[in-house]
Amino acid sequence: MRFVVTGAGGQVGAEVVGLLERQTRHEVVGLDHHGLDIGDRDAVEQILGRVLPEAVVHCGAWTDVDGCEADPERAWRDNALAVRHVAVAASRIGAHVVHVSTDYVFGGAKAEPYHEWDAVAPQSVYGSSKAGGELELQRHATSWTLVRTAWVFGRRGRNFVDSIVARARAAEPLRVVDDQRGSPTYAPDLAEALVRLAIGRHQGVFHVTNQGSCTWHRFAEEIVAAAGIDPAGPIERISSSELGRPASRPANSVLDNVALRLLGLPLLRDYHDALACRLGGGLGGTG
Ligand SMILES: NC(=O)c1ccc[n+]([C@@H]2O[C@H](COP(=O)([O-])OP(=O)(O)OC[C@H]3O[C@@H](n4cnc5c(N)ncnc54)[C@H](OP(=O)(O)O)[C@@H]3O)[C@@H](O)[C@H]2O)c1
């Protein structure tokens, strides 16, 4: 199969491209931000019309959650309208679109994990713009998979695991929020699921995260332990309001992977196993 991957310079996009390059039966054209501005309608039409992929894995997005609060226009352009461009262009050539969305479309007040049929209630510009992208996909793509994932940590790029390891190694005091709960998700594991869903042209909404959940504080403790670092002191628990970030985050955004489970598709392994693999330098392989 021939694939186009947008956002190929990012945590998830780079893993999807790498995975497809290793699977030599597939062809892949990976487009980073420089190679394709997803907010440029004509450029999206031209590239998809030229490459004629059978599937587009759309990983490009503006993921700076606090930055989106300061520049909503850019958020709407890159996270909502861009999905319209990809969906329309893919439909014209009969390509399936796998689009990546976020747990931050949910409000966070639910006590239990969110399933695929829960109503969205975004609390931030980023979450709203991603919810807009979900609507665009469903309105304009003829063949589509909408994947919501969460708390992504990859092998490259800015992510929570690397930043905790670096600060713990530098013996910096660590203060981490303890009132947000989610499911950490390893980018190589997610990439495998995205490719599987694309090949199967699975239609509909799927929650795809590693199994298990924790708070950021608990995750930080587990990262330090798994990395074998003796921190300068205990990791301090703080609240989201103490941290005072511009964008509000959901208190609970654990995603139940109901659709995968009921369709008998493989669930991603427990996030502890993925974390051990990440810190041990391993590549991946989902359970
Ligand atoms: N990271 C998470 O925790 C998380 C959680 C839930 C869902 N997601 C979703 O997962 C997907 C992949 O995220 P990620 O973690 O891989 O984020 P990432 O590392 O920030 O990758 C996103 C990529 O999109 C590119 N991009 C931004 N604006 C663009 C534009 N106008 N045209 C083309 N490319 C553009 C970025 O390039 P530049 O950096 O050069 O701008 C970046 O390489 C996104 O849809 C995101 O919303 C992520």
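The values are calculated or read from the model by the stated rules, or taken from the named source; none is laboratory data. Note that the structure is a prediction, hence the values are computed from the model and not measured. Neighbour counts are summed over all protein chains in view; Cβ atoms, including those assigned to glycine, are modelled from backbone coordinates with ideal geometry. Note: accessible area is taken over every heavy atom of the protein model, side chains too, but ligands, DNA and RNA are not part of it. Shrake-Rupley method; radii C 1.70, N 1.55, O 1.52, S 1.80 Å.
Condition check ((1) touching a residue at least 40 places away in the same chain (Cβ under 8 Å); (2) over 17 Å from the mean Cα position of the chain (by Cα); (3) in a loop (DSSP other than H, G, I, E, B)) across all residues:
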site	(1), (2), (3)
Phe206	yes, no, no
Glu221	no, yes, no
Gly233	yes, yes, yes
Ser248	yes, yes, yes
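Can we say Ser239 is exposed (fewer than 15 other Cβ atoms within 10 Å of the Cβ) and in contact (Cβ under 8 Å) with a residue 12 or more places away in the chain?
The answer is yes for Ser239.
Kindly provide the set of residues from region 23-36 that are within 16 Å of the ligand (Cβ to nearest atom) and surrounded by fewer than 16 Cβ atoms within 10 Å (Cβ to Cβ), ordered by number.
Once the filter is applied, which keeps residues that are within 16 Å of the ligand (Cβ to nearest atom) and surrounded by fewer than 16 Cβ atoms within 10 Å (Cβ to Cβ), region 23-36 yields His34, Gly35.
Looking at region 3-17 only, could you name the residues that are more than 20 Å from Ile93 (Cα to Cα), more than 6 Å from the ligand (Cβ to nearest atom) and not β-branched (Val, Ile, Thr)?
Within region 3-17, Ala8, Ala14, Glu15 qualify.
Of all residues in region 24-53 being touching a Gly at 6+ places or on another chain (Cβ under 8 Å) and assigned to a loop (DSSP other than H, G, I, E, B), which is nearest to Ser128 (Cα to Cα)?
Ile38
Residue by residue, here is whether (1) out of contact with any Lys or Arg (no Cβ under 6 Å at 6 or more places or on another chain); (2) away from the ligand (no atom under 16 Å from the Cβ); (3) open to solvent by 10 Å² or more (accessible area, probe 1.4 Å) holds:
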residue	(1), (2), (3)
Thr142	yes, yes, yes
Trp151	yes, no, yes
Arg156	yes, no, yes
Ile164	yes, no, no
Leu197	yes, no, no
Val205	yes, no, yes
Thr215	no, no, yes
Arg218	yes, yes, yes
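Do we have any residue at all in region 73-82 that's without any contact (Cβ under 8 Å) to a residue 24 or more places away in the chain, of a type outside the set (Val, Ile, Thr) and closer than 27 Å to Pro246 by Cβ?
So far as region 73-82 goes, yes, one or more of its residues are without any contact (Cβ under 8 Å) to a residue 24 or more places away in the chain, of a type outside the set (Val, Ile, Thr) and closer than 27 Å to Pro246 by Cβ.
Hey, among the residues in region 105-155 that are within 14 Å of the chain's Cα centre (by Cα) and among the basic types (Lys, Arg), which one's farthest from Ala274 (Cα to Cα)?
Ranking the candidates gives Lys130 first.
Among all residue pairs at least 6 apart or on different chains, which show Cβ distances below 9 Å where the first residue, located in region 148-176, is in contact (Cβ under 8 Å) with a residue 60 or more places away in the chain and of a type in the set (Asp, Glu) and the second is away from the ligand (no atom under 16 Å from the Cβ) and assigned to a helix (DSSP H, G or I)?
Once the first residue is in contact (Cβ under 8 Å) with a residue 60 or more places away in the chain and of a type in the set (Asp, Glu) and sits in region 148-176, its partners that are away from the ligand (no atom under 16 Å from the Cβ) and assigned to a helix (DSSP H, G or I) give Glu172/Ala166.
Go over the candidates Ile47, Ile93 one by one and state the one that is more than 26 Å from Pro184 (Cβ to Cβ), among the β-branched types (Val, Ile, Thr), within 12 Å of the ligand (Cβ to nearest atom) and out of contact with any strand residue (DSSP E or B) (no Cβ under 6 Å at 6 or more places or on another chain).
Result: Ile47 is the single residue among Ile47, Ile93 that is more than 26 Å from Pro184 (Cβ to Cβ), among the β-branched types (Val, Ile, Thr), within 12 Å of the ligand (Cβ to nearest atom) and out of contact with any strand residue (DSSP E or B) (no Cβ under 6 Å at 6 or more places or on another chain).
Taking Ala119 as meeting all but one of (1) away from the ligand (no atom under 13 Å from the Cβ); (2) open to solvent by less than 10 Å² (accessible area, probe 1.4 Å); (3) among the small types (Gly, Ala, Ser), write down the number of the exception.
(2)
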